[in-house]
Amino acid sequence: MKIRTIEVLCLLWALATCCAPASAAERERLSLDQGWLFHLGDVPTFPIRDHGSSYYNGKADGAWGAAAADFDDSGWRRLDLPHDWAVEGPFDAKENPSQGYRHRGIGWYRRYLQLPNSDRGRHIELQFDAVATNSTVWINGIVVNRNWSGYNGRNLDVTPYLRYGDDINTIAVRVDADAMEGWWYEGAGIYRHTWLVKRDAVHIATDGLHADPVRSGKGWTLPVAVTLESSAATAHPVSVDVSLIDPAGVEVSHGSVRATVQPLATSDASLHLELRAPRLWTLSDPNLYRVRAVLREGGRPLDRTEVQTGFRTIRFDPDKGLFLNGASTKIQGVCIHQDHAGVGVAVPESIWEFRLRRLKEMGVNAIRFAHNAPAAEVLAMTDRLGLLVLDENRHFNPSPDYLQQLTWMVRRDRNHPSVMIWSIFNEEPLQGTEVGYEMARRMVSAVKVLDATRPVTAAMHAGLFTPVNAAQALDVVGLNYQSWAYDRYHKEHPTRPMTSTEDTSAYMSRGEFRNDPAAHVMDSYDDQPSSWGTTHREGWRAIAARPFIAGSFLWSGIDYRGEPTPYEWPSASSFFGAIDLAGFPKAAFYIHQAHWVKDRPVVKILPHWNWPGREGQPVKVMVASNAPRVRLLLNGQVVAEGDVDPIDMASFNVPYTAGVLEAVALRGGVELARDKVETSGPPARLVLTPDRRALANDGLDAVPVTVSAVDAQGRPVPLANALVRFDVEGEGSLIGVGNGDPNSHEADKASERSLYNGLAQLIVQSRRGGTGALSLRASAAGLQEAHAELTLQAAPAVASAPSAEPTTYMLVWRISPPQATRADPKVVVAGNDMNSWGWGEPPMRQEPEAQAYRLYRSEVNVRADANDGHALLTFRKVAGSAEVWVDGAKLGDKQNPEPGPLSVPLPRGATHRQVTLMVQSTPGQPSGILDRVLVEHSGR
Ligand code: GAL
């Protein structure tokens, strides 16, 4: 429920109660990633055929099977998130090529959580950053969420369902990854982070701080809107203090606003801050400011949150393309999916940073996350690294479920200066129809409600020229391929800004300079366009020549699993990337680097120089350079020289002789830079090259390490393909391996990998809290082994909620009416009688009465790890004398009627048992089950 925007009152900062100390009960954001239990495959439940089960089935906490709180998950695999189970499995020709020939299927996750009594009354949210693909979440057997997409996060208010103190909460998640949303590898499982966020009952809503600067006149305005939310039972008058903090940490503007938050309602508090001359967010100097909001009641801080923001303007001009901060900026963009070698879609943040830095090195200034929103941490990186983002929604559909996914994305991402434009779809068959237009119009409008500053586009691959089409609802028309339509569309719609949202789609195998269709090998001379795309050079030529096309998003920046076009089995991942799946540059990387990098010389010889048997024959030598001229020297002798076409680059035929081939980049006869390739001998030793030498000891930091082979003289061996074994010892572990070969079926989760054209990658991750070092050893038959050592550096660990041990509580009980004579513990209650016995959950206290007998009955699933004859069935406190019966047999009694515990050994037996407690009250005394009943495992 939304209520009015409240009175806005700007106060002098000095008068605000800004300096009150943070209270201990302020927000906690705890990682829930550790200590999950996982089961691959579905968990069947029994068919419901009886009345009793049917009756219970639809009840709030009536989940069956693995969703139930007391399900027996002993024997499930223990793991930490993020997790992608698809990448753990083998390749299988019977599986879907689009998904990389990996089995996806169904999986279950469970986790136990204990919350202190002091959390009672706070607002508690369970957050899943993304789960592939369809998933359902239960808390303590109560279904709390269903989400039919693998690309959006969920912030679930679980406050009402939780239990505190000694009680253990159960989180169960069923993941259906047979459901597909894409035609690329999507992974399977809880592959992004999970969080538990505890806040005061009156708090700032998740993604509830919106602060996106707007240029106004000579200065800047920062409109700030804070969404407040309350799970309290009464209205609360509050104030919100907002400060703007510059990159040096100095507060440069502030304001305050008052609001009243009604119970179980949200309320928006807004104000404006002004800043005359901020340091701008630019691609080369991405200055980030912080906006902090502190919520107070009577001066006491209740909650606080912070977002980063940047001061920059974005404008798409129909004739001149994109202007960033008023400067014409051609988009040098790439489309990328989200999987990486070794780890599938469960990509550690530091590996994302490695990928983005590599793209930046290529000259990329913009990323289109295809075809879905990326992880939140990735956008923090694009902000920091100075990369623009086209943020794309997965599903073209304005119906409520799907619209919620779109608005989730906009709410989460609208503060990021890197996000320059939203995209509502990719290549939708309805795009050229009236239906498509009407759908697009509604989605664009939903975006505008949340963000009035950014334009909206969509990636259209047809339908642009029909009478009514989706483009008419967009701010910027996005074209996928269709370079033939650039001029026509611009001519017919001269007022509509345009950009390529996708282009190129050319094939290339890293390090290969020959074509071998039988072996599914594509050369790297950029002469292998797809039938719908272009070569890299032609794609850029068409865009570079047209100022009205804002820029390029080439398909694709990085290879990805699945879509092994133009081949199928055994090829299992894409050939489109300018960078391979492990992050190693292909020839297209250097071609675009020459196109895009302006601030330093680029020169790169594309083929290797190992062509035994080709002596005297011409070898095609392509040189990628941003210099106007290039000279080639072979063994010190000039063998060719020529101009470099800024799009086509320079190509020569050089008769092959073993030795050193050098390319010298020249301007006006002056050398700017040079590159060389050298004929190598056979591999003699391995080399390990970590991307970094130090690892943060937070248990998350991961470093890619390149393994390569050199000959006896230390020269790289470009075609080496040795199988390399890795040994990792010390304070971390090997989390995956890869080599960028789209045809490889070697395992990602392994301690060995073959080099592919001279290179492979292993990824190591630190141990949480580890001290010292991580030692790596690479060995291969006949080669001298390589060693490397990474040092662990102390870093604050992400605060985590520890996982509790599974505990079987018996919560749902039936209670017989009292009777004056001894009750029969074996009495059968008819399955269709829901009412003659009552219902309750411990504590179940009966007020003093004349002596009476009562039966308490429940059912329990005994976990396999407790079904060993050593577990105890424990009633923590029973008032009255009592007998315990299990499945019709008496197991023990308590003769003293004083309140006290009753514990009986639970014999080995059936999983599912019926427990009956017969209680005899003492006249005038209370009686009953006064505390929890549980099955206590031996040794716990
Ligand atoms: C496009 C599509 C991309 C990818 C690409 C391959 O049509 O949007 O997701 O499939 O083709 O060329």
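Overview of results
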quantity	calculated
Enumerated strands (runs of 3 or more DSSP E) restricted to the stretch 191-245, each holding at least 2 residues that are under 14 Å from ASP157 (Cα atoms) and open to solvent by 20 Å² or more (accessible area, probe 1.4 Å)	202-211
Test result for HIS461, within 16 Å of the ligand (Cβ to nearest atom), at pLDDT 95 or above and surrounded by fewer than 22 Cβ atoms within 10 Å (Cβ to Cβ)	yes
Hits in the stretch 101-132 (condition: farther than 20 Å from ALA69 by Cβ and in contact with a helix residue (DSSP H, G or I) (Cβ under 6 Å, 6 or more places away or on another chain))	ARG102, ARG104, HIS123
Hits in the stretch 159-190 (condition: open to solvent by 10 Å² or more (accessible area, probe 1.4 Å) and either of a type in the set (S, T, N, Q) or in a strand (DSSP E or B) (or both))	THR159, ILE168, ARG174, ASP176
Evaluation of TRP484 against (1) more than 16 Å from the ligand (Cβ to nearest atom); (2) without any contact (Cβ under 8 Å) to a residue 12 or more places away in the chain (one fails), failing number	(1)
Subset of the stretch 215-257 (residues that are closer than 22 Å to ARG300 by Cβ, in contact with a Leu (Cβ under 9 Å, 6 or more places away or on another chain) and of a type in the set (Val, Ile, Thr))	VAL224, VAL226, THR227, VAL238, VAL240, VAL242, VAL257
Any chance GLY107 is within 30 Å of GLY738 (Cα to Cα) and not aromatic (Phe, Trp, Tyr)	yes
Inter-residue pairs, beta-carbon under 6 Å, first among the hydroxyl-bearing types (Ser, Thr, Tyr) and in the stretch 860-879, second open to solvent by 10 Å² or more (accessible area, probe 1.4 Å), 6+ apart	THR874/SER903; THR874/GLU936
Every residue from the stretch 816-835 that is open to solvent by 60 Å² or more (accessible area, probe 1.4 Å), in a loop (DSSP other than H, G, I, E, B) and not acidic (Asp, Glu)	PRO817, PRO818, ALA820, THR821, ARG822, LYS826, VAL828, ASN832, ASN835
Positions within the stretch 496-555 being within 11 Å of the ligand (Cβ to nearest atom) and outside any loop (DSSP other than H, G, I, E, B), in sequence order	THR501, GLU502, ASP503, THR504, ALA506, PRO529, PHE553, LEU554, TRP555
Filter result for the condition that a residue is open to solvent by less than 50 Å² (accessible area, probe 1.4 Å) and either touching a residue at least 40 places away in the same chain (Cβ under 8 Å) or farther than 16 Å from ALA587 by Cα (or both), over VAL639, VAL602	VAL602
Scope the stretch 373-403; condition without any contact (Cβ under 8 Å) to a residue 40 or more places away in the chain, closer than 21 Å to MET180 by Cα and not hydroxyl-bearing (Ser, Thr, Tyr); matching residues	PRO374, ASP391, PRO400
Condition broken by THR466, with the remaining ones in (1) in a loop (DSSP other than H, G, I, E, B); (2) touching an Asp or Glu at 6+ places or on another chain (Cβ under 8 Å) satisfied	(2)
Enumerated strands (runs of 3 or more DSSP E) restricted to the stretch 302-410, each holding at least 2 residues that are more than 16 Å from the ligand (Cβ to nearest atom)	314-317, 321-324, 331-336, 388-392
Restricting the stretch 165-193 to residues that are farther than 17 Å from VAL87 by Cβ and touching a Ser or Thr at 6+ places or on another chain (Cβ under 8 Å), the residue that is farthest from the ligand (Cβ to nearest atom)	ILE168
Filter result for ALA588 (closer than 23 Å to ILE331 by Cβ and buried (at least 24 other Cβ atoms within 10 Å of the Cβ))	yes
Filtered residues of the stretch 203-227 (kept if within 26 Å of the chain's Cα centre (by Cα) and farther than 14 Å from VAL307 by Cα)	HIS203
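Results for (1) under 24 Å from ASP207 (Cβ atoms); (2) of a type in the set (Asp, Glu); (3) part of a strand (DSSP E or B), shown as yes or no for each residue.
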position: ILE424; (1), (2), (3): yes, no, yes
position: GLN431; (1), (2), (3): no, no, no
position: VAL435; (1), (2), (3): no, no, no
position: ARG441; (1), (2), (3): no, no, no
position: ALA446; (1), (2), (3): yes, no, no
position: ALA452; (1), (2), (3): yes, no, no
position: THR457; (1), (2), (3): yes, no, yes
position: ALA462; (1), (2), (3): no, no, no
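The values are calculated or read from the model by the stated rules, or taken from the named source; none is laboratory data. Here the structure is a predicted model, which is why all the values come from computation and not from measurement. Cβ atoms come from the backbone with ideal geometry, glycine included; neighbour counts cover every protein chain shown. Keep in mind that these areas ignore ligands, DNA and RNA; they rest on the heavy atoms of the full protein, side chains included. Shrake-Rupley method; radii C 1.70, N 1.55, O 1.52, S 1.80 Å.
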